[in-house]
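Undergrad: Okay, here's the structure, questions in a sec.
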Amino acid sequence: MDPRPVEPQELDAITRRERRRQLRAALGGLAEILIALVIGLGVGALVMRGAGYNWRLAYEGLLIGSFGDQWAIADTLASATPLILTGLVFGLSARAGYFNIGAQGQMVVGALAAVAVGAHLSAPPVVAVTLAFLASALAGAIWALPPAFLKATRGVHEVISTIMFNWIAHYTALYLVFNVLNDPRSAERTVRVLPGARLGALIPGADMTAAIFVAVGVAVFMYWLLWHSPWGYEMRIAGLNPSALRYAGANPLWSVNLTFILAGLAAGLAGATQIIGRPPTYALYGDLSNVRNLGFDGIAVALIGRNHPLGIILAAIFIGAMGAGARMMQIMAGVPLDMVRIVHGTVIIALAAPEAWTLLGKFLGRARARRAPAPPAPAKTVHR
Amino acid sequence: MLISSLILGALHAMVPLTITATGEILSERAGVVNIGLEGILLISAFAAVVGAEAGGPLAGLMVGLLTGALLGLIHGIIAVYFRGDQTVSGVGLNILALGVVAIGIVDRWGAAGFHRVERAFRVPPLSTPLGPMSPMVIVTILLAALTWYLLQHTNLGLKIQACGENPAAADAAGVRVERVRLFGAVYAGALTGIAGAYLSIDWLATITENLPAGRGFIALATVVFSRLNPWLAVLGGLIFGFFDSLGLVASTSQALTRVIPYQFIQMMPYVVTLLVVAGVIGRFRAPAASGQPYRRE
């Protein structure tokens, strides 16, 4: 121990140095994300070239379709809305140390609950919308419970259990859509929710509704929870070092359940945004196409957003823009919509290996050193 | 008639699960976990159809194997040399596969979402007393035997297990940990590639945007069930495969679908997987260093 008291100026210098270190780490993280995005778009361009499409025209279409005018921007934000929520599902769980890829199933169940409540409960608009949101959040949370329970009591890995529950939700939804919630007037979708339970378009002619405020609100709540509440503190500790949490006397069963329940609430809400918060259908399609893949895209969103609520909002807008712009890309360059998935996948693979860049830098540095005349080697013993 | 079709169905449904699980068993023993098996199955299923239509079923199987090995190599390099996050890389593979195959089907055959593989390009079945059976059933057993022998009775197998349990000690003993682990990742990729080819140019005789339908993840559950023993992966594949084929058989029987809606019959393999994994997992212990990158001190 140093007996000398630390001078205030010294403390200042230490704080400043620490701040600078944090800033540098944040900038480095941002650079990694940007490099990954460039690699993803580059591989996408290569694939399109290989398949004989005009990739410049495709990316131009993607840009026009997502940010070209106010309607395009509104469509981008509408596509981002469910992705913010499904991104939070993965991001929150990852912060607590769980690889929860169950957003898809929990969201489907949430969408079913929104249809069931929204179509059958006549109430004043504000009440109906609130109840529909609550019902779907609850449904999502309930669907998330068995994997949490299996994890805590039987040690079942959440990747396996959540994927199985996604498939069970998928087939349950197919059954309910055709047999219980079906609309006698239309074979291809469920009954539509009553007008009182619908959120209207904020800009006439575009898809964006007040649902985006719900999504952003949940993101802000998750931020508060993780960094400004004792429960969030416990969750983050659990993610960084599970045994430390146990030594501190916390109950791991409670920690798993809390994380999965909160994540499930967000997933359920994501389902509701597609039913009561997205004109013009206000129903679930028979092929589940209006909730298709949104849960899996949330994984991409969370990874690109580095599992941080603010990062998740930005990443959701990026992925949402690719979803909204893909139609214009298809019209202008004839490229299939699924093209954007190649970009997502490549971005994630590139993000998986942050050390690749340091290694590459070292390799290039060594190559440069080899070309330059070698400096006289200092005499020293090498310990291995 | 029903009995023999159920037995054959279970054997045929076992093949992709057991082959994929067998490869992943070796990889996890060496310390590399790949949850991108679903994506590798999908891409290699697609590549195999392209290969088979160009050069026959054997070429299709080879193309599937090589495609899988290549994807396993990418995952292995990220996991071993870049010390990346193995789970993230696996998820990336799964998403990438959805895009590649959706575009590939449109690009190759002009129709979106679906392409049927003609009989001439399929692996020809053997005739058995039960009915026509795919030769890949026998290949599956041989691959499980080979992997078991490799792990239990060869020098390489010893090195593989050392890399998964205690890479630092293996390194100190002169084992080249990175190479062994990369071999594991490529082996898992190659076997998954064969399984993918089997899906498209043999068993299901079609390629769709989501052909494996979760079988990559059921294979992961089979790995857990097997406790990293290839012979138990055969048993696990048979159990999961039985319910998979029961679903396929039952959903075509009108008498049954009137009582139980077909959606619930099709749900069965996933429910059974959950129950089995929840039942056996308590006694399972993964190799100590599995899934973690190795960094030399």
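The values are calculated or read from the model by the stated rules, or taken from the named source; none is laboratory data. These numbers come from a predicted model, not from an experiment. Here Cβ is always computed from backbone atoms with ideal geometry, including for glycine, and neighbour counts include all displayed protein chains.
Undergrad: Considering only region A:317-340, I want to know if a residue exists there that is surrounded by fewer than 22 Cβ atoms within 10 Å (Cβ to Cβ), within 14 Å of chain B (Cβ to nearest Cβ), under 21 Å from the mean Cα position of the chain (by Cα) and more than 27 Å from A:GLY50 (Cβ to Cβ).
TA: no
Undergrad: While we're on this one: Only residues that are in a loop (DSSP other than H, G, I, E, B) and either surrounded by fewer than 24 Cβ atoms within 10 Å (Cβ to Cβ) or within 8 Å of chain A (Cβ to nearest Cβ) (or both): list them for region B:211-224, please.
TA: At the first step, the residues of region B:211-224 found to be in a loop (DSSP other than H, G, I, E, B) are B:211-214.
If the condition is that a residue be in a loop (DSSP other than H, G, I, E, B) and either surrounded by fewer than 24 Cβ atoms within 10 Å (Cβ to Cβ) or within 8 Å of chain A (Cβ to nearest Cβ) (or both), then B:LEU211, B:ALA213, B:GLY214 are the ones that fit.
Undergrad: What is the number of the single condition among (1) crowded, with 22+ Cβ neighbours inside 10 Å; (2) more than 22 Å from the chain's Cα centre (by Cα); (3) away from chain B (no Cβ under 13 Å); (4) aliphatic (A, V, I, L, M) that A:MET48 does not meet?
TA: (3)
Undergrad: Name the pairs whose Cβ atoms lie under 7 Å apart, with the first residue in region A:308-320 and more than 18 Å from A:ALA263 (Cα to Cα), the second assigned to a helix (DSSP H, G or I) and of a type in the set (Asp, Glu), and 6 or more positions between them or separate chains?
TA: Listed by first residue and then by second, the contacts come to A:ILE319/A:ASP297.
Undergrad: Only one of these is at positive phi, within 14 Å of chain A (Cβ to nearest Cβ) and surrounded by fewer than 21 Cβ atoms within 10 Å (Cβ to Cβ): B:ARG258, B:ARG227. Name it. Working first, answer last.
TA: Numbers: B:ARG258 fails: at positive phi.
Only one candidate qualifies: B:ARG227.
Undergrad: Taking the stated definitions as given, is A:ALA173 away from chain B (no Cβ under 13 Å) and either in a helix (DSSP H, G or I) or touching a residue at least 40 places away in the same chain (Cβ under 8 Å) (or both)?
TA: Numbers: away from chain B (no Cβ under 13 Å): no; either in a helix (DSSP H, G or I) or touching a residue at least 40 places away in the same chain (Cβ under 8 Å) (or both): yes.
It is false that A:ALA173 is away from chain B (no Cβ under 13 Å) and either in a helix (DSSP H, G or I) or touching a residue at least 40 places away in the same chain (Cβ under 8 Å) (or both).
Undergrad: To continue, here is another question. Have a look at A:ALA148, A:ALA128, A:ALA119 and point out the one that is touching a Ser or Thr at 6+ places or on another chain (Cβ under 9 Å), under 30 Å from B:ARG227 (Cβ atoms) and either free of Cβ contacts under 8 Å to residues at least 40 places away in the same chain or surrounded by 15 or more Cβ atoms within 10 Å (Cβ to Cβ) (or both).
TA: Going through A:ALA148, A:ALA128, A:ALA119 in turn, the sole match is A:ALA148.
Undergrad: Now for a different question. If I ask for residues that are at pLDDT 90 or above, surrounded by fewer than 20 Cβ atoms within 10 Å (Cβ to Cβ) and assigned to a helix (DSSP H, G or I), which ones from region A:226-257 would you list? Before the answer, list the steps.
TA: Initial filter on region A:226-257 (at pLDDT 90 or above): A:226-229.
Among the residues that remain, those that are also surrounded by fewer than 20 Cβ atoms within 10 Å (Cβ to Cβ) are: A:227-229.
Across region A:226-257, the qualifying residues are A:TRP227, A:HIS228.
Undergrad: Kindly state which helices (runs of 4 or more DSSP H) lie completely within region A:300-384 and contain at least 1 residues that are at pLDDT 90 or above. Explain how you work it out, then say what you get.
TA: Details: elements: A:309-333, A:339-352, A:355-371.
Where helices (runs of 4 or more DSSP H) fall fully within region A:300-384 and carry at least 1 residues being at pLDDT 90 or above, they are A:309-333, A:339-352.
Undergrad: When you look at A:GLY65, is it in a helix (DSSP H, G or I), under 22 Å from the mean Cα position of the chain (by Cα) and modelled with pLDDT under 85, yes or no? Lay out the reasoning, then the answer.
TA: Values: in a helix (DSSP H, G or I): yes; under 22 Å from the mean Cα position of the chain (by Cα): yes; modelled with pLDDT under 85: no.
No: the conditions fail for A:GLY65.
Undergrad: Anything in region B:55-110 that is part of a loop (DSSP other than H, G, I, E, B) and at the interface with chain A (Cβ under 10 Å from one of its Cβ atoms)? List them, or say none. Working first, answer last.
TA: Step one: of region B:55-110, the residues part of a loop (DSSP other than H, G, I, E, B) are B:82-85, B:110.
B:PHE82, B:ARG83, B:GLY84, B:ASP85, listed by residue number.
Undergrad: In addition: Mind listing whichever residues of region B:265-275 are within 7 Å of chain A (Cβ to nearest Cβ) and out of contact with any helix residue (DSSP H, G or I) (no Cβ under 6 Å at 6 or more places or on another chain)? Give the steps one after another, and end with the answer.
TA: We begin by selecting, within region B:265-275, every residue within 7 Å of chain A (Cβ to nearest Cβ); these are B:266-267, B:270-271, B:273-274.
Within region B:265-275, B:VAL271 is the sole residue that qualifies.
Undergrad: Still on this structure: Of the residues B:GLY92, B:GLY76, B:GLY55, which single one is surrounded by fewer than 24 Cβ atoms within 10 Å (Cβ to Cβ) and over 25 Å from B:GLY241 (Cβ atoms)?
TA: Values: B:GLY92 fails: surrounded by fewer than 24 Cβ atoms within 10 Å (Cβ to Cβ); B:GLY76 fails: surrounded by fewer than 24 Cβ atoms within 10 Å (Cβ to Cβ).
After ruling out the rest, the residue left standing is B:GLY55.
Undergrad: Report yes if B:GLY60 is within 11 Å of the chain's Cα centre (by Cα), farther than 26 Å from B:LEU246 by Cα and surrounded by 24 or more Cβ atoms within 10 Å (Cβ to Cβ), otherwise no. Spell out how you get there, then give the answer.
TA: Values: within 11 Å of the chain's Cα centre (by Cα): no; farther than 26 Å from B:LEU246 by Cα: yes; surrounded by 24 or more Cβ atoms within 10 Å (Cβ to Cβ): yes.
The answer is no for B:GLY60.
Undergrad: Within region A:114-129, does at least one residue satisfy the condition of being within 14 Å of chain B (Cβ to nearest Cβ) and assigned to a helix (DSSP H, G or I)?
TA: Looking only at region A:114-129, we keep the residues that are within 14 Å of chain B (Cβ to nearest Cβ), and these are none.
So far as region A:114-129 goes, no, none of its residues is within 14 Å of chain B (Cβ to nearest Cβ) and assigned to a helix (DSSP H, G or I).
Undergrad: Kindly indicate the residue of region B:276-290 that is within 11 Å of another protein chain (Cβ to nearest Cβ) and at pLDDT 80 or above and also farthest from A:THR162 (Cα to Cα) among those meeting that condition.
TA: We begin by selecting, within region B:276-290, every residue within 11 Å of another protein chain (Cβ to nearest Cβ); these are B:276-286.
Narrowing the set further to residues that are at pLDDT 80 or above leaves B:276-279.
On the way: B:VAL276: 15, B:VAL277: 12, B:ALA278: 13, B:GLY279: 16 Å.
Only one residue tops the list, namely B:GLY279.
Undergrad: Also, quick follow-up: All but one of (1) crowded, with 24+ Cβ neighbours inside 10 Å; (2) within 12 Å of chain B (Cβ to nearest Cβ) hold for A:PHE296; state the number of the condition that does not hold.
TA: Tallying (1) crowded, with 24+ Cβ neighbours inside 10 Å; (2) within 12 Å of chain B (Cβ to nearest Cβ), A:PHE296 fails exactly one: (1).
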